[in-house]
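**Q** Structure in structure tokens, see below.
The values are calculated or read from the model by the stated rules, or taken from the named source; none is laboratory data. Quick caveat: nothing in here was measured; it's all calculated off a predicted structure. We place every Cβ from the backbone using ideal geometry, glycine too, and count neighbours over all the protein chains shown. Note: accessible area is taken over every heavy atom of the protein model, side chains too, but ligands, DNA and RNA are not part of it. Shrake-Rupley method; radii C 1.70, N 1.55, O 1.52, S 1.80 Å.
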Amino acid sequence: MNVGWTLVALAGVWGGLVAVERKAFLQAMFSRPLVAATAMGLLLNDVPSGLFIGMLLELFHLGTANLGASLPDNDTLSATGTSAAAATMAVATGAGSTPALWSLSILLFVGLARVGLLVDRVLERYSARLARKALASAEAGQLTRAMRQNLWGMWPHFALFGMITAACALAGFFLGPLLERLPLPVLRGLAWAYPAMASVAASIAARGSHARRAPMYAGLGAGAVTLAVLLFTLKERL
């Protein structure tokens with residue numbers, strides 16, 4: 001089995017960059033699951049995996065927000081890790097991107113959102129200590145030192161989340177051959193699991209909007225997503 005170390009490195013760099021963007025720099029929504037996962041797919045030459053995984057996770061995490069001391073699940077890590085694993089799994093199988101592959105990647109790596117939350121909590125304490133030191137340095141007129149301390153607060157986010165994302169990409173190369181050994185009925189079940197998960201994610205997104213007719217919107221959204229995925233699947237088979 002050949003491991004594409006360039007792809008692993010690219011996944012790690014992008015995973016680290018969006019982790020920094022999510023917490024400390026720009027915060028221009030590049031870290032949202034849809035954008036982060038689609039860009040990951042573009043970097044790893046598998047845009048369909050990035051787009052469809054990002055769409056599902058964006059809907060699933062649509063209601064999350066980082067407000068004050070309240071830390072939500074890390075949807076960015078979930079998106080980058082899952083899409084990186086899917087892209088490298090597709091490379092390892094040589095069969096390209098498929099709904100079965102997306103489903104398996106989501107089922108295996110969606111839990112990264114909780115892992116990212118735990119890492120965020122640890123890094124928050126570290127960042128808070130550095131912020132206090134930077135404030136003290138600024139008050140003492142040591143502006144260069146204060147800026148350097150703020151920059152040091154960003155590096156752990158880049159390093160830790162980058163390594164986790166790279167590990168997911170590496171795992172995809174090892175999981176690819178195992179996917180090929182699954183029985184055909186299991187692969188078909190995984191393929192149909194994707195539209196089912198997408199419809200549930202659409203329902204969660206609509207329900208979380210707190211709109212007056214949220215249940216109706218949830219049903220319409222679930223139906224629309226399911227229909228879109230089914231049409232895409234049929235088109236791929238023709």
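**Q** Does residue 70 fit the bill of being modelled with pLDDT under 95 and of a type in the set (Ser, Thr, Tyr)?
**A** yes
**Q** Check 107, 143, 101 and return the single one that is surrounded by fewer than 16 Cβ atoms within 10 Å (Cβ to Cβ), over 18 Å from residue 31 (Cβ atoms), at pLDDT 90 or above and among the aliphatic types (A, V, I, L, M).
**A** After applying the criteria, what remains is 107.
**Q** Do you know which residues across segment 164-182 are open to solvent by less than 50 Å² (accessible area, probe 1.4 Å) and modelled with pLDDT under 90?
**A** 176, 177, 179
**Q** Report the residue count in segment 30-52 for those that are of a type in the set (A, V, I, L, M) and within 15 Å of residue 19 (Cα to Cα).
**A** Qualifying residue count, segment 30-52: 6.
**Q** Do we find a residue being farther than 30 Å from residue 6 by Cα, hydrophobic (A, V, I, L, M, F, W, C) and at pLDDT below 80 anywhere in segment 153-163?
**A** No, the conditions are met nowhere in segment 153-163.
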